[in-house]
Amino acid sequence: MVDNNKPLAHYDDQTPLGGQLLTDHLMTVSEISGRTGEVIGMGSMSKLIGLLHDLGKCSREFQAYIRGKYKERVNHSSAGAIILDQVAKKVWADYDIDNFLKSRRIRPDIWHLYREIMQYPILAHHGLYDIIDNKFDYHTGIRLAYAGGDREEYTRKMEDYFNSLNTKYEYTTGKSIYHTYHEGFIEFIKIRKKLYQMALNIKDVATHNKKTD
């Protein structure tokens with residue numbers, strides 16, 4: 001059983017705690033990335049990505065790995081992205097996203113796109129990858145299916161720590177992870193609208209230039 005209060009992000013047996021506590025690491029990265037993201041209107045999205053990027057380090061395998069007691073490679077980047085599926089489902093229900101989308105004439109696939117865009121930097125924070133390769137393999141899906149297809153068991157291992165992290169995050173910021181996910185979606189809608197308008201403007205300029213050539 002993972003000790004929710006003491007998993008480490010980095011091991012150092014010369015320090016009193018044995019290294020940097022995982023919760024401290026995630027909260028610190030969340031704060032820094034949130035401040036950076038606010039500059040471009042992505043504060044909540046950035047906070048959440050920072051908070052969940054190393055969630056998988058709470059696993060018993062990773063805790064043994066950083067202490068040199070487990071020699072196999074440990075995937076710690078999939079957990080945060082996988083848990084976002086659970087977060088999205090709860091936010092969908094609790095914040096009545098279905099009616100929200102309908103009232104603003106926003107397609108449901110925009111909601112799903114938001115989740116996938118949030119998942120990518122978590123999955124890729126140790127190296128970028130092509131979402132679809134030249135064989136048309138969907139690599140985000142492959143990474144989300146980590147743990148030999150036993151995704152349910154993998155997720156369950158993370159839930160206790162995730163709930164503990166959510167409690168700490170809510171106590172510190174006054175907002176739950178779920179509320180931050182919802183705020184991030186509002187940010188995403190605004191950013192997407194701006195990008196869409198920019199694309200239309202570029203198209204109009206290209207069309208005008210073509211006519212005048």
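The values are calculated or read from the model by the stated rules, or taken from the named source; none is laboratory data. As the structure is a prediction and not an experimental result, all values here were calculated from the model. Backbone-built Cβ (ideal geometry, glycine too); neighbour counts: all protein chains shown.
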(request) Pick out the one residue from Glu170, Glu116 that is among the acidic types (Asp, Glu), free of Cβ contacts under 8 Å to residues at least 24 places away in the same chain and under 21 Å from Val87 (Cβ atoms). (result) Glu170
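Can we say Leu101 is aliphatic (A, V, I, L, M), part of a helix (DSSP H, G or I), within 23 Å of Lys175 (Cα to Cα) and over 13 Å from the mean Cα position of the chain (by Cα)? Spell out the reasoning first.
On the way: aliphatic (A, V, I, L, M): yes; part of a helix (DSSP H, G or I): yes; within 23 Å of Lys175 (Cα to Cα): yes; over 13 Å from the mean Cα position of the chain (by Cα): yes.
Answer is yes for this residue.
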(message) I need the full set of residues from the range 83-113 which are free of Cβ contacts under 8 Å to residues at least 12 places away in the same chain and of a type in the set (S, T, N, Q), in order please.
(response) Asn99, Ser103
(request) Run Ala79 past the list (1) modelled with pLDDT under 95; (2) at positive phi; (3) not β-branched (Val, Ile, Thr) and report the number of the one that doesn't hold. (result) (2)
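If we keep just the residues of the range 60-80 that are charged (D, E, K, R) and in contact with an Asp or Glu (Cβ under 9 Å, 6 or more places away or on another chain), which is nearest to His10 (Cα to Cα)?
First, pick out the residues of the range 60-80 that are charged (D, E, K, R): 60-61, 67, 69, 71-73.
Keeping just the survivors that are in contact with an Asp or Glu (Cβ under 9 Å, 6 or more places away or on another chain) gives 61, 67, 72.
Values: Glu61: 14, Arg67: 9, Glu72: 17 Å.
Among residues in the range 60-80 that are charged (D, E, K, R) and in contact with an Asp or Glu (Cβ under 9 Å, 6 or more places away or on another chain), the one nearest to His10 (Cα to Cα) is Arg67.
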(message) I'd like the full set of residues that are assigned to a loop (DSSP other than H, G, I, E, B) and without any contact (Cβ under 8 Å) to a residue 40 or more places away in the chain, limited to the range 125-138.
(response) Gly127, Leu128, Tyr129, Asp130, Ile131, Asp133, Asn134, Lys135, Phe136, Asp137
(request) Could you tell me which residue of the range 51-82 is farthest from Ile142 (Cα to Cα), considering only residues that are surrounded by 22 or more Cβ atoms within 10 Å (Cβ to Cβ) and among the aliphatic types (A, V, I, L, M)? (result) Leu51
(message) I'm told Ile97 meets every condition in (1) surrounded by 17 or more Cβ atoms within 10 Å (Cβ to Cβ); (2) within 16 Å of Leu51 (Cβ to Cβ); (3) among the β-branched types (Val, Ile, Thr) except one. Can you identify the failing condition by its number?
(response) (2)
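Among Ile66, Ile40, Ile32, which is within 20 Å of Glu170 (Cα to Cα) and either over 18 Å from the mean Cα position of the chain (by Cα) or β-branched (Val, Ile, Thr) (or both)?
None of the other options fit; the residue is Ile32.
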(message) When you scan the range 8-16, do you find a residue that is in contact (Cβ under 8 Å) with a residue 60 or more places away in the chain and farther than 16 Å from Glu183 by Cα, even just one?
(response) no
(message) Taking the criterion of being free of Cβ contacts under 8 Å to residues at least 12 places away in the same chain and of a type in the set (A, V, I, L, M), would at least one residue in the range 19-38 satisfy it?
(response) no
